[in-house]
1. Taking 41 Å as R0, compute the FRET efficiency from the Cβ-Cβ separation of VAL187 and SER244 and round it to 0.05.
2. Grab the other residues whose beta carbon is less than 10 angstrom from that of LYS289, score K and R as +1, D and E as -1, and report the net.
3. Once both axes come from the Cα atoms, what is the angle between helix 231-245 and the longest principal axis of the chain, in degrees from 0 to 90, rounded to 10?
4. Please list 3J(HN,Hα) in residue order for the stretch 123-134, calculated via the Karplus relation 6.51 cos²θ - 1.76 cosθ + 1.60 where θ = phi - 60°; whole Hz, with x for glycine and proline.
5. Skipping prolines and chain starts, which residues have an amide H placed within reach, meaning under 5 Å, of the one on SER223, given they are 5 or more residues away or on another chain?
6. So what is the 222 nm mean residue ellipticity for the chain from helices alone, if each DSSP H run of at least 4 adds -39500 (n - 2.57) and you divide by all residues, rounding to the nearest 500 deg cm²/dmol?
7. What is the distance in Å between the Cα centroid of the stretch 159-202 and that of the stretch 220-291?
8. Beyond 29 Å between alpha-carbons counts as too far, so tell me which of LYS289/LYS391; LYS240/LYS371; LYS148/LYS171 fall in that bin.
Amino acid sequence: MPNTDPKTRAARKEARRGSFVTTSSLMKIGIDARLVFYHNAGIGQYILRLTNALAALDPANEYFLFQSRKDSARLVDAPNFHHRKVWTPSHHRFERLALSAEIMPHALDVFHSPDFIPPRLTRAPKVITIHDLAFLLYPRFLTPDAAKYYGQIDPAARSAAHVIAVSQSTKRDITRLLGVPEDKVSVIYEAAYSNAQPIAREIARARVKSKYGVEGDFILFVSTIEPRKNLPTLLAAYSKLLDSYHSAARLLIAGAKGWLTAEVDQAIEKYNLRNKVCFLGGVPADELKYLYNAARVFALPSLYEGFGLPPLEAMASGTPVIVSNVSSLPEVVGDAGLLIDPNDVEGWTVALHRVLTENELHAELSAKGLKRASKFSWERAARETLKVYKKVAGK
């Protein structure tokens, strides 16, 4: 049932008064939030940050967050956000039909699929977010099950009323590889999480020492471990850094193991890095802020990124970044970081050495990164997303 408590009614009345919105202009917006329970990183974080930014921006429209029945969390604390449990698992082979049946009774005006595969049968116009098309560009990095799931991208894009791309790079891939008209795709950038900001370096380092037993300078890598992230290149460069420059810096890997990780394990053994590299597993956002601030440098040699949130969060923390010079990463980082060919091991070795040892360069990149990161905000992302909802709902 719709929420009719006094706070909700007052918020909507105030919103209508302030923006001349009529009752008939209000929308019932559905958002697929199931992935937050199954994989609380990447797209899961996108869902959490976007929905909370929408709640801060929009007290008038009704939002229905469809969560896994196993998820007991209240993702958004706002009177116009309703949490609905559904049985359909994320990434299930029948999910497009099953989820259609579960959302149908809500008579939505628009339905948003942040994980890009929308329900097949719904009267509500569908908005999908496509974060990247790495599965089309690098099919060898997929498991058979993943290849089958992501093979639904063409009908998903065709059935969507509008597509949100998280970067210009991703939009170009969508129009080129899927044939989606440019005017059907809006670029809406992500942003760093609210905790990604500078904190006292001594506090951050003390926290990292007490929790992970790591002291002194270290290189930080943040991502789920999977082939596209190209971690073996970073491991090869780190090995050269130790051998050629006798660096004392450690390498910290913050991210859960994903799929096809055998090459990473082989590289660790090949370069004898078992006692030099620390695998921290998945790290919550509240802990990541200490790692970002304590790190001397952040490194991401990814072969392809749809956006690149970890380097943006590192920049927002004042930590210099080194990233690959491909896909969306130059678009996000700009001139605020060092851009290196993802296959150039020697180039990565030299770049790491420079940022670790050249204080002037370190300070310059830190200042530029803070300035660059300030250009991205979730408030802006929410505002632009709400415009898309209104457009497709005809409001």
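1. Calculated transfer efficiency: 0.50.
2. On the way: positive: ARG207; negative: ASP286, GLU287, GLU313.
So the environment of LYS289 carries a net charge of -2.
3. It is inclined by approximately 30 degrees.
4. Ordered by residue, 3J(HN,Hα) equals 6, 6, x, 10, 10, 10, 9, 9, 7, 6, 10, 4 Hz.
5. For SER223, the qualifying residues are ALA254, GLY255.
6. Numbers: 17 runs with 174 residues, N = 395.
Helices in the chain give a 222 nm mean residue ellipticity of -13000 deg cm²/dmol.
7. Here the two parts' Cα centres lie 27 Å apart.
8. Beyond 29 Å: LYS289/LYS391; LYS240/LYS371.
Read-outs throughout are calculated quantities, based only on the coordinates presented, and are distinct from any laboratory measurement. Everything numeric in this text was worked out from a predicted model, so none of it was measured. A quick note on method: Cβ atoms are made from the backbone with ideal geometry, for glycine too, and the neighbour counts reach across all protein chains shown.
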